[in-house]
Structures are given as structure tokens and as C-alpha cells.
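*Asks:* Just dropping this structure here.
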Amino acid sequence: MATSSFLGNRYWVLRHGKSIPNEMGLIVSSMENGTLEEYSLAPEGVNQAQLAGELFQKELMEKKILIENVRICYSPFSRTSHTAKVVASVLDIPFDGPQCKVVEDLRERFFGPSLELSSHDMYSVIWALDEKYPFVKPEGGESVSDVVSRLTKALITIESAFQGCTILVVSHGDPLQILQTILHAAKEHDGPNCELASRIEEVKVPSVLSQHRKYALLTGELRAVI
């Protein structure tokens, strides 16, 4: 799996394990609520994180990737940091060491104050809006385009910090769907510009962004991206 010419690292994504908000059927998308310990992983989610760590370890061994070349970059929310910590433990990587990095721009998509702590049945309403109008924000929340902008910043942060590494991005459903969408589109893009931000900007169009649900992940699902 060679690195793409516009990226200096290989990327894998992991959606956090099943969380307490998942079990409760709640949208928890603000930084204020998302970082609370009461919204970390459910017991089933800890098991999913453990299994994902073991699967990732197996993939690394098969591809002959050394653990010292692995970096774990994760959202600051409690459910993602908990997941990252479990995976780091499986890989025997010190969670408070230089191979693990919290990246604030990998946080959950904010769905707006009116949806915060409401039923997760409302996700389908947002996704229907995204499919038609990915540049339109849910009331007080982030549009798909807004999430692309901060994920671009996250990638620039990661690419600046690490080169020639295998990066595991531990984040949330919507950000990881959107991240995969833009990375695949940028990889396929024929433009002459190899600079990361410019390349993503060129594919930041409704026909691309409206398709992000195609890259949906289950809780605890690991996937190689690019």
C-alpha cells in the first residue's frame, strides 16, 4: 500500500467502539459534552476497540510495518480517546508517548444545539440534507463542507508532525466518512497540484461531498484508506 504523492504517510481509520451515547440513542456532538467521561465507551465498545487493535496489529505484521513507525492520532472526545488508549495498549505503544497525538480537528461533527443530546434518529434527517445540500449547515451546526475544512487542517497537522509513518486516525462516524470521501477523491483527481490543501479544495464540490455516506463505518470498524 504505497503512500499517495500528495501525502507523506499511509492512513487507516478507526471509528470509536460502541459508546454510552450509542447505547442511549443520543447525539453527543459538542466538545463540552463529548469530552465528559460519562460519554465514553460502553463495555461492548471496549471489546470492539480491543478487537480492532488486534486486527490492526495483524495487518501491520502482514505488511511488515514496524510498530515504531505507527502513530495514533485521535479525537479529544472521551469515546475516541478511550478507543485509542485500548488500541495503543494492544500494540504496546505508550499512550502518553510521542506515538500518540490528540488532534482537536478530528473531533465529532457538531450537529447544532437543537440536536445536541436529542435522539440519534435525527442523523437520517441530517444525512438527507447532506445528500442534497452538503454546503448547508444544520441549524447552528457544521455542514459537510465545514467538516472538510477542519479535516484538511487536521491532515496538515498530522503531515507536518510525521513523515513516512502509518497513521491510525481514531475518530467518529461522520468525520471519518467525510475524510475517506475527500481522500479518495483527491487521490483520483488528475489536477497537476500535489499540494494537500489545494488538492482537497479542488474536489470540495457538491457531487463529491454529497456521497459521504458511501464510506460509513460501524462502531469499532477499522479500514485502510490510502
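The values are calculated or read from the model by the stated rules, or taken from the named source; none is laboratory data. In this text the structure is predicted, and so the values were computed from the model without any measurement. For neighbour counting, all protein chains shown are included, and Cβ atoms are generated from backbone atoms with ideal geometry for every residue, glycine included. When the accessible area is computed, the model is the full protein with side chains, heavy atoms only, and any ligands, DNA or RNA have been set aside. Shrake-Rupley method; radii C 1.70, N 1.55, O 1.52, S 1.80 Å.
*Asks:* Could you tell me how many of the residues in the stretch 59-85 are surrounded by 22 or more Cβ atoms within 10 Å (Cβ to Cβ) and under 14 Å from L222 (Cβ atoms)?
*Replies:* Qualifying residue count for the region: 6.
*Asks:* Let me ask something else about it. Being β-branched (V, I, T), open to solvent by 30 Å² or more (accessible area, probe 1.4 Å) and touching a His at 6+ places or on another chain (Cβ under 8 Å) is true for just one of V102, V46. Which residue is that?
*Replies:* Only one candidate qualifies: V46.
*Asks:* Given I72, I65, I27, which one is among the β-branched types (V, I, T), in contact (Cβ under 8 Å) with a residue 40 or more places away in the chain and under 28 Å from D130 (Cα atoms)? Give the steps one after another, and end with the answer.
*Replies:* Numbers: I72 fails: under 28 Å from D130 (Cα atoms); I65 fails: under 28 Å from D130 (Cα atoms).
Step by step, each of I72, I65, I27 is checked, and only I27 is among the β-branched types (V, I, T), in contact (Cβ under 8 Å) with a residue 40 or more places away in the chain and under 28 Å from D130 (Cα atoms).
*Asks:* Continuing with this model, one more query. Restricting to the stretch 151-163, name every residue that is touching a Lys or Arg at 6+ places or on another chain (Cβ under 8 Å) and in a loop (DSSP other than H, G, I, E, B). Reasoning before the result, please.
*Replies:* In the first step, residues of the stretch 151-163 are kept if they are touching a Lys or Arg at 6+ places or on another chain (Cβ under 8 Å); the result is 158, 161-162.
Listed by number, the list holds a single entry, F162.
*Asks:* Okay, moving on. Report, by residue number, each residue of the stretch 111-149 that is acidic (D, E) and either in contact (Cβ under 8 Å) with a residue 40 or more places away in the chain or under 14 Å from S207 (Cα atoms) (or both).
*Replies:* E116, D121, D130, E131
*Asks:* Continuing with this model, one more query. Counting only residues that are under 14 Å from K137 (Cβ atoms) and open to solvent by 30 Å² or more (accessible area, probe 1.4 Å), how many does the stretch 105-114 have?
*Replies:* Residues flagged as under 14 Å from K137 (Cβ atoms) and open to solvent by 30 Å² or more (accessible area, probe 1.4 Å) within the stretch 105-114 amount to 3.
*Asks:* Restricting attention to the stretch 115-141, and to residues there that are among the hydroxyl-bearing types (S, T, Y) and either assigned to a helix (DSSP H, G or I) or under 20 Å from L36 (Cβ atoms) (or both), which single residue is least open to solvent (accessible area, probe 1.4 Å)? If you could, list the steps in order and put the result at the bottom.
*Replies:* Taking the stretch 115-141 first, the residues among the hydroxyl-bearing types (S, T, Y) are 118-119, 123-124, 133.
Now narrow it down to the ones that are either assigned to a helix (DSSP H, G or I) or under 20 Å from L36 (Cβ atoms) (or both): 118-119, 123-124.
Numbers: S118: 28, S119: 49, Y123: 45, S124: 69 Å².
Filtering the stretch 115-141 for residues that are among the hydroxyl-bearing types (S, T, Y) and either assigned to a helix (DSSP H, G or I) or under 20 Å from L36 (Cβ atoms) (or both), the one least open to solvent (accessible area, probe 1.4 Å) comes out as S118.
*Asks:* Any chance you could count how many residues in the stretch 210-222 are in contact (Cβ under 8 Å) with a residue 60 or more places away in the chain, within 20 Å of L106 (Cβ to Cβ) and open to solvent by less than 60 Å² (accessible area, probe 1.4 Å)?
*Replies:* 6
*Asks:* Go through K85, K132, K101 for me and flag whichever is over 23 Å from D146 (Cα atoms) and basic (K, R).
*Replies:* Working: K132 fails: over 23 Å from D146 (Cα atoms); K101 fails: over 23 Å from D146 (Cα atoms).
Going through K85, K132, K101 in turn, the sole match is K85.
*Asks:* Is there any pair with a first residue in the stretch 85-99 that is under 16 Å from S75 (Cα atoms) and a second that is β-branched (V, I, T) whose Cβ atoms are under 6 Å apart and which are 6 or more apart or on different chains, and what are they?
*Replies:* Final answer for the pair search is A88/I72; Q99/I93.
*Asks:* Restricting to the stretch 164-209, count the residues that are assigned to a loop (DSSP other than H, G, I, E, B), open to solvent by 20 Å² or more (accessible area, probe 1.4 Å) and modelled with pLDDT of 95 or more.
*Replies:* Total meeting the criteria: 3.
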